[in-house]
Amino acid sequence: MTYRFLKGHGTENDFVLLPDPDGTVHGDLSAERVRALCDRRAGIGGDGVLRAIRREDRWFMDYRNSDGSISEMCGNGVRVFARYLLDHEGASAPLEIDTRDGVKTITLDGDLVTVDMGTPAVFDTTKVTVGDVVHEALHVSMGNPHAVAFVDSLDEAGSLLTAPGHDEALYPEGVNVEFVQRRGEHHVAMRVHERGSGETRSCGTGACAVMVAAALADDAPRGTTYRVDVPGGTLRIVWTDGGRILMTGPAVLVAEGQTDL
Ligand SMILES: N[C@@H](CCC[C@H](N)C(=O)O)C(=O)O
């Protein structure tokens, strides 16, 4: 069967988007299909799949990592998803998108897309390991799990071809690990190993977790905007007086086509 897809990215975190308004085109969307679509040599290529399902008055983002696993939330993905709804489904901002982590509100700032990512949950510190080196990391949930480790140089993250070691009991379903280097006042840079996708060029929820860890370490007043550089670009993130995280960044659709993968 041939079906429609679009390809897009947010700070080079890239996705295959599958329009499936009635939820009937893709059935259960097997992990095998997701892996085939995300394969960078034999498929379309992507860090994950965004399936767009219409549910009564809202669209639902069914997000899958490139290994076929399901995650609660994808920050870059939801901006790309919003771009699709704005450009192809007649939506206008502000708009609401349903996710496994609840409803996210989207606004526009010129070409950039802002997502209200909700309230972070901050837990105790934990440990992550790269080779023999143990790093202290802060456990932050942005709906999905993160461990944020500050380093003097992003090279300390190593190749990130394999997942950093982590506390299996704390993260029974795996964790996204961010390594952060300070670049200046309210300015950090990060690399990430994403659960289910490996090292990616950006992770929106990861950048929010990093901002939260940096703001807590800096004792920064609420309302301070942080610049978070990722290998694929820059995100701007603020922790509001109301305790919510707002993330602003690009969202681009680059291709559209038909596939029978
Ligand atoms: N790239 C995403 C996060 C995708 C999900 C993550 N790999 C997980 O398993 O939790 C983002 O931009 O937030």
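The values are calculated or read from the model by the stated rules, or taken from the named source; none is laboratory data. Quick caveat, the model's predicted, so the values are computed rather than measured. Cβ: placed from backbone, ideal geometry, glycine included. Neighbour counts: every protein chain shown.
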Query raised in the report: What's the number of the condition E72 fails, among (1) among the charged types (D, E, K, R); (2) without any contact (Cβ under 8 Å) to a residue 40 or more places away in the chain; (3) not in a strand (DSSP E or B)?
Result: (2)
Query raised in the report: If you check every pair at least six apart or on different chains, which have Cβ atoms under 6 Å apart with a residue in segment 170-190 that is within 10 Å of the ligand (Cβ to nearest atom) first and a residue that is modelled with pLDDT of 95 or more and of a type outside the set (K, R) second?
Result: V175/P145; V175/A147; V175/H166; N176/H146; N176/E194; N176/G206
Query raised in the report: Across segment 27-40, which residue is modelled with the lowest pLDDT among those that are under 14 Å from G68 (Cα atoms) and not in a helix (DSSP H, G or I)?
Result: D28
Query - Qualifying residues in segment 227-251 (those that are within 16 Å of the ligand (Cβ to nearest atom) and in contact with a helix residue (DSSP H, G or I) (Cβ under 7 Å, 6 or more places away or on another chain)) - the one nearest to H139 (Cα to Cα) - result: I245
Report task. Name every residue in segment 38-79 that is charged (D, E, K, R), within 16 Å of the ligand (Cβ to nearest atom) and in contact with a strand residue (DSSP E or B) (Cβ under 6 Å, 6 or more places away or on another chain), in order of residue number. Result -> D47, R51, D62, R64, R79
Query raised in the report: Given (1) surrounded by 22 or more Cβ atoms within 10 Å (Cβ to Cβ); (2) part of a loop (DSSP other than H, G, I, E, B), where does A93 come up short, assuming only one miss?
Result: (1)
Query raised in the report: Being in contact (Cβ under 8 Å) with a residue 40 or more places away in the chain, closer than 27 Å to A209 by Cβ and of a type in the set (V, I, T), is that true of even one residue in segment 2-13?
Result: yes
Query raised in the report: (1) without any contact (Cβ under 8 Å) to a residue 60 or more places away in the chain; (2) out of contact with any helix residue (DSSP H, G or I) (no Cβ under 8 Å at 6 or more places or on another chain); (3) at negative phi: which one isn't true of L37, the others all being true?
Result: (1)
Requested in this report: Within segment 6-37, work out how many residues are within 12 Å of the ligand (Cβ to nearest atom) and of a type outside the set (S, T, Y).
Outcome: 6
Requested in this report: Among the residues of segment 96-137, write down those that are in contact (Cβ under 8 Å) with a residue 40 or more places away in the chain and not in a strand (DSSP E or B).
Outcome: R100, D101, D111, M117, G118, T119, P120
Query raised in the report: Can you name the residue in segment 66-90 that is under 25 Å from V228 (Cα atoms) and touching a helix residue (DSSP H, G or I) at 6+ places or on another chain (Cβ under 8 Å) and, of all such residues, is surrounded by the most Cβ atoms within 10 Å (Cβ to Cβ)?
Result: N76
